[in-house]
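Everything on this sheet refers to the single structure shown next.
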Amino acid sequence: MKIKVRTQFFIRKSVPMANGKLPIYFRIRCNSQMVEVSTGRGINSEDWDRLLRRSKADTDEAKILNDYLDDIENDIRRYINYLIENGEDVNVNILKKKLNGEADNHKMLIHVFKENNELIKQELGYNYSMSTFQQYEVTCSRLAEFIKKRYNRADMNIEKLDISFMRNFDVYLRTNYKIKANTIAKSLKQVNKVIRYAIEMRYVHSNPFNGYKIRYNKSDRVFLTPEELKRFEEIQLKSKRLEKVRDVFVFVCYTGLAFKDGD
């Protein structure tokens, strides 16, 4: 459906402000709908240019007022373009909420994922390792790539996600990257954690992926015996590089850190 939006400022002569000025309103027409919102600013009747719909006075106050009106109009047009680009509904109620500063809870998945990653970054060395942070960054990047290719959007409204989204992302990872099933499972688990973060922040009320089963392949881990680890510690190597690799490996064996974090 083609979206037609027209905007204009006008003064309302029937309800003058307490200071005698006439209030300036902003009117938005979206297809067959219309809404009018007060700008909170006023102007003397003789200073209003009915053609340009701006102040025609040659004063600093008039320049500040016109800049303010330009900002309102430009901001709402940028918001309209943002909604269209992401496949969101565009109607006068949504635009009115934006003008009234009530559109901040319109949360998008990639935006929230980056918000979550920034918090993880702040906790590096405390609750998270660098390798974990990097894994979240990779998942976020692949998720954005998936949304662009699958839905031709830059982001997705969290409230419009469902199990099919997670299933399609699962298939996308399996068919586009040469990674093992358990690595894919970790990525999906990270997406789930980001959704739980969004719930905690009250960006969304429930997890749209509830009921989706993340598949892990059970693997048999091989452990070193104490005697084997001791032999590894004492082995003589011919290069400093290999000695460093050995020392890091032994260190992570005793500390439980991931090998990536041991260097």
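The values are calculated or read from the model by the stated rules, or taken from the named source; none is laboratory data. Note that the structure is a prediction, hence the values are computed from the model and not measured. Please note: Cβ atoms are built from the backbone with ideal geometry, for glycine as well, and neighbour counts cover all protein chains shown. Heavy atoms of the whole protein, side chains included, go into the accessibility calculation; ligands, DNA and RNA do not. Shrake-Rupley method; radii C 1.70, N 1.55, O 1.52, S 1.80 Å.
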Within the set of pairs 6 or more residues apart or between chains, which connect a residue that is touching a residue at least 12 places away in the same chain (Cβ under 8 Å) inside the stretch 61-87 to a residue that is in a helix (DSSP H, G or I) and among the aromatic types (F, W, Y) with Cβ atoms less than 8 Å apart? G87/Y151
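Hey, among the residues in the stretch 197-229 that are assigned to a loop (DSSP other than H, G, I, E, B) and aliphatic (A, V, I, L, M), which one's most open to solvent (accessible area, probe 1.4 Å)? Working first, answer last.
Start the filter on the stretch 197-229 by keeping residues that are assigned to a loop (DSSP other than H, G, I, E, B), which leaves 201-225.
Remaining after also requiring aliphatic (A, V, I, L, M): 201, 204, 214, 222, 224.
Details: M201: 90, V204: 15, I214: 36, V222: 139, L224: 91 Å².
Going through the qualifying residues, I end up with V222.
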Among the residues of the stretch 23-67, how many are under 21 Å from I94 (Cα atoms) and among the aromatic types (F, W, Y)? 2
Taking the stretch 120-155 as the region of interest, how many residues are farther than 22 Å from Y177 by Cα and open to solvent by less than 70 Å² (accessible area, probe 1.4 Å)? 4
If a residue has to be outside any helix (DSSP H, G or I) and open to solvent by less than 80 Å² (accessible area, probe 1.4 Å) to count, how many in the stretch 168-196 make the cut? 2
Output for the stretch 50-98, where each listed residue is open to solvent by 70 Å² or more (accessible area, probe 1.4 Å), more than 18 Å from I11 (Cβ to Cβ) and of a type in the set (V, I, T): I84
Filtering the stretch 1-20 down to residues that are more than 30 Å from G87 (Cβ to Cβ) and modelled with pLDDT of 95 or more, which residue is nearest to the chain's Cα centre (by Cα)? F10
